[in-house]
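In what follows, a structure is listed as structure tokens, so that the remarks can point back to it.
Readers should treat all values here as calculations from the given coordinates under stated rules, not as data from a laboratory. These numbers were taken from a predicted model, which means no experiment stands behind them. Cβ atoms come from the backbone with ideal geometry, glycine included; neighbour counts cover every protein chain shown.
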């Protein structure tokens, strides 16, 4: 592989951002900025599609690997993809242009700065998913805090300062322990290169503490109960595009981290701590679903539903079954599409009515029918109706869970019912019912760009719901190999 | 005959000081001339030192009381360049406060001379002479704006407390002399007998004196007041240059004569380090004055530097030097921003004065954003790498407690850095500040910000320079 395709994926948004930084806004409408950023992200998306096409699905080894000397004799800049990470990269490059199209209506001030922040964010997120060195991973993982902090803090709602601080400090606190663990791994094994660490393995006596240090970071980022409280705040205050990025991609970093690092590097500790994860996941699924039922703010409701969905993801990952892990990955991709769409849907009516309270809506189905149809599609996808991508993920996770632990699977299945309850109830209260608030009659239906982005998200949601093979084929070999190595490690020690 | 070429920088700088003093006395209105000559002197001295560095072996002079090696040359260059930059960006400030006098550059030169002597010292006496020379110059510099009450107060406070710490230090020196029979570092190192507890007392007293000079907790009390009261350009000097010299002495002192007693002093350094990191981070939260805030932040940064020294390994020393170098660059950048907060010939130093700065001054705020995130140690900025090296060295020695406390205190520290960013970016804007800054100020801000921002591209350069330092 000669052309550094992954590095160009990481670098391209930064170059776009630099270009934006030097553009002057003459007419005051920031058209250049919009087109430049859109162009950059679409090119990036096309490159990632090319990456997927040329990706060899029959092997579990890392592909497109780049290995450069970075800190002499200590850490190399190493990136590469396998079946697990490639889908997240495509998700990132797919969601970012959608965010950029969506800012048209929502961001009123300093649009250019906002686009720069989003582009930089994209580059960090891609970096997280293709880093093959723990230090490089940490670098990208943490660096993402800066643009997100600014996105929430500058363009957020009334309580934005509190939310931005909470987001930043929670995540930083979780991550510093991971840094200690990463440096310790370097001194224990002599390298932080993930591929070498997979081969060498890490001494069993250190695994428990290291696992906990990584867990502290991923648990906050996932977010798992009880450290999930930053998420509703951050979601509610962030501008729509920020919420979309947060829900669709940032939360997936932790799920990806669990698969790549917790399972891959510390199999023995993972086996020991599986009950902990199960307990926290089940609590997250049931407890946050109940909280979601009681929410009056739409964004908060979707935020809590994200916590519940991520509960399914962590549950699926730690079943260590082929179906469970595949289900988790598909659930993450699907949640990336669906939660992004749901936040955009909330954004659409918020832009028109400036209220996110469920009680201020009702009976809008006749006023904005197009919107209502698309919103229904995503509601159903969020609750996991067969025929949508949400179903595939949840079904596979529960299948894996039933193989591993019957009780946990039964309780988690209850969570599916609760999920259906709060999503349908939300939809009923917002779209159906009597039209009480007469201001609603002035609402206009989706404009072209909104219609376009929601359709863009609806197509893959339905497509992968009926035909998930492209996803499963991509991840199958890698997941299979991961589980085999995992079990082999357990037996040998 | 001694090879005087090796101390040429010191000789040159002392001759220049005398020449400038005489020139200042006999020529009227010569402050601008002297200012410029001083800049030139600093540059020439730095280049002489640099010239020596390329092929240097450890040499001792004057009865082994002065040592010239790679570390001393490197630290001298950092000191000289630091002093040069401080001087060059502060000329406007001095003019506005009407303290643009001949004494100012000369005092800076004398304190730099003192530091160079300290850096090269291999003997307790030489070290003390250097220390006092730099301190005396610094007392005067702190009170330089003598019409202002706060400035005089700062100088007096610094003088009294510093004299106390010098007393402790001298007492420690005399104890060590009494029990080892020499003041020379090499001789002490050979005579040492670790069962001798009085020696430990001597070390403790000297460490207290040194901790005072670098303002490590619990000997930090003077720092916030002095930093706040002194003229900003002097504060900048305080936060950067003396720390480099004191750190070098710290390293030489701990690792040449007393390396065998590491069990005795390691706990002290760990305590100083943890206390400084935590206290600096917590106490900074409530501050409203930027200079006081920077004082606490510098206390906490010194804590990280000491963490590297506590390891007792070459990697630890190297990481400390990398840390202090990056810290100096970040500080320079931050103070350049501070010196730009000027409106109608008045400087603003409250945190609230930064409110909404991003609306009127987008570039300045962007630099501040980069600098503050870097000070907080967020990747991929230079400040992160500084901390990364420190903790790599610390964890190599399996000092998990120190590493975890240190990293947790970065989270606390992140809070107050974020608070400044919040004020700059999220709050309502105030009046515009002046835009007519001197070219040097703009240059130093741009240069240091770019250095901080792009450090990650090639982080090994600095390590390569530092990795030639082998003390142990």
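Between residue B:263 and residue B:12, the FRET efficiency from the beta-carbon distance, with R0 = 35 Å, is close to 0.25. Could you please state, rounded to a whole Å, how far the C-alpha centre of the range A:198-247 is from the C-alpha centre of the range A:439-493? Cα centroid to Cα centroid, the span is 20 Å. Rg over Rh for the protein assembly as shown works out to 1.02, using Cα positions for both radii and the Kirkwood form for Rh. Just so you know, the averaged projected area of the alpha carbon convex hull for chain A sits at 21.5 nm². With the biggest extent put first, the Cα atoms of the range B:156-246 measure 46, 20, 18 Å across the principal axes. Under 18 Å from a label point set 7 Å out along the Cα-to-Cβ vector of residue B:429, the amide N atoms of the range B:368-382 belong to B:368-369. Here the residues A:210, B:33, ranked from fewest to most Cβ neighbours within 10 Å of their Cβ, fall in the order B:33, A:210. Hey, what angle do you get for helix A:448-466 against the long axis of chain A, alpha-carbon based, 0 to 90 degrees rounded to 10? The angle comes out near 50 degrees. Between rounded, prolate and oblate, where does the range B:360-472 land on the alpha carbon gyration tensor, with a ≥ b ≥ c its root eigenvalues, rounded for a/c under 1.5, else prolate if a/b exceeds b/c? Oblate, since a/c reaches 1.5 and b/c is not below a/b. Maximal additional length on extending the residue A:296-residue A:3 stretch stands at 100.4 nm, based on 0.36 nm per residue less the C-alpha distance.
Secondary-structure-derived ellipticity at 222 nm for chain A, considering helices only, amounts to -24500 deg cm²/dmol, per-run term -39500 (n - 2.57) for DSSP H runs with n ≥ 4. With a 10 Å cut-off around each Cβ of A:172-180, the average count of Cβ atoms from other chains is 6. With respect to chain A, whose longest principal axis is taken over its alpha-carbon atoms, helix A:160-189 is tilted by about 10°. Cα gyration tensor of chain B, axes a ≥ b ≥ c as square roots of the eigenvalues: rounded (a/c below 1.5), prolate (a/b > b/c) or oblate? In terms of gyration-tensor shape, oblate. Between the beta carbons of residue A:54 and residue B:471, assuming R0 = 60 Å, the FRET efficiency works out to 0.70 to the nearest 0.05.
Label sites at residue B:400 and residue B:461, each approximated as a point 7 angstrom past Cα along Cα to Cβ, lie 3.8 nm apart.
On the basis of the beta-carbon distance and an R0 of 56 Å, residue A:451 and residue B:149 show a calculated FRET efficiency of 0.25. To the nearest 10 degrees, how steep is helix A:389-404 against the longest Cα principal axis of chain A, on a 0 to 90 scale? Between helix and principal axis, roughly 40 degrees. As a proxy for reagent exposure, B:219, B:159 were ordered by neighbouring Cβ count within 10 angstrom, fewest first; the result is B:159, B:219.
Label separation (residue A:229 vs residue B:196): 5.8 nm, computed from points 7 Å beyond Cα along the C-beta direction. Here the spin labels are modelled as points 7 Å beyond Cα on the Cα-Cβ line, and at residue B:289 and residue A:206 they lie 4.8 nm apart.
Listed by Cβ neighbour count within 10 Å, with the fewest neighbours leading, A:290, B:408, B:107 appear as A:290, B:408, B:107. When shorter helices are ignored and each DSSP H run of at least 4 residues is given -39500 (n - 2.57), the per-residue value for chain B at 222 nm works out to -24500 deg cm²/dmol.
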